[in-house]
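Notes follow the structure.
The values are calculated or read from the model by the stated rules, or taken from the named source; none is laboratory data. Not measured: the values here are computed from a predicted model. Positions of Cβ are generated from backbone atoms using ideal geometry, with glycine treated the same way; all protein chains shown enter the neighbour counts.
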Amino acid sequence: MSTIDTSGPATERAARSRGPIPKSELAVAAVLGGLGVFALVDAHTIAVPASASAVGPRAFPYAVGALLVLSAVGLVIALLRGDRGEVEGGEDVDTDGGADWAAVLKLTGSFAALCVLVEPLGWLIAASVMFTGAAWTLGARPWWRALLVALVLNTVVQILFTQLLGVYLPAGPLEGVPGLG
């Protein structure tokens, strides 16, 4: 006598598909779709110079917008078919533990420092402050090692953007330093 194996993706999907679709998963699809529609509509407002080639400045925003809309549609179809995300199934987290609001505030402060300091101090210094603050918040010790890594990494980014790509990143007090400003 043989037994039928009832385990597998179809059985797991059927078990997860019971009940209504979680609102959070629908919200993700809605946000993706909304961003895609916004990108498509806003891309139409980009001025195309007469000297533009066949692939103009609208091509990339149209592609991104279309991919976002297609992703949202695919997510909704998957949700309707019964595919659901596992509740903390793939992560090693303590679901009973609370949020570490001190870390959230430190990370937010590091990002806010970048936004405030990028013009007066330049990209290199402001991004290094953000990188060091974020690394320290997430457990990097000693803090000065994170600062050294940030300075090297952000110097490379500054040089690549200004010299290779021709994209201006504010240099702040380092304006005039060869390669940086």
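Per the listing G139, G122, the residue uniquely of a type in the set (G, A, S), over 20 Å from the mean Cα position of the chain (by Cα) and assigned to a helix (DSSP H, G or I) is G122.
When the criteria are applied in full, V177 fails the requirement of being free of Cβ contacts under 8 Å to residues at least 40 places away in the same chain, assigned to a helix (DSSP H, G or I) and either surrounded by fewer than 17 Cβ atoms within 10 Å (Cβ to Cβ) or in the same structural domain as V28 (by TED's automatic domain parsing) (or both). Please find, within the stretch 61-96, the residue that is farthest from V48 (Cα to Cα) out of those that are of a type outside the set (D, E) and modelled with pLDDT under 90. Restricting to residues being of a type outside the set (D, E) and modelled with pLDDT under 90, the top hit is T95. Of the residues making up the stretch 47-79, those that are within 19 Å of I21 (Cα to Cα) and crowded, with 16+ Cβ neighbours inside 10 Å are S71, A72, L75, V76, L79. In the stretch 147-174, of all residues being small (G, A, S) and part of a loop (DSSP other than H, G, I, E, B), the one that is nearest to K106 (Cα to Cα) corresponds to A171.
W144 fulfils the conditions (1) assigned by TED's automatic domain parsing to the domain that holds I46; (2) in a helix (DSSP H, G or I) except for a single criterion, (1).
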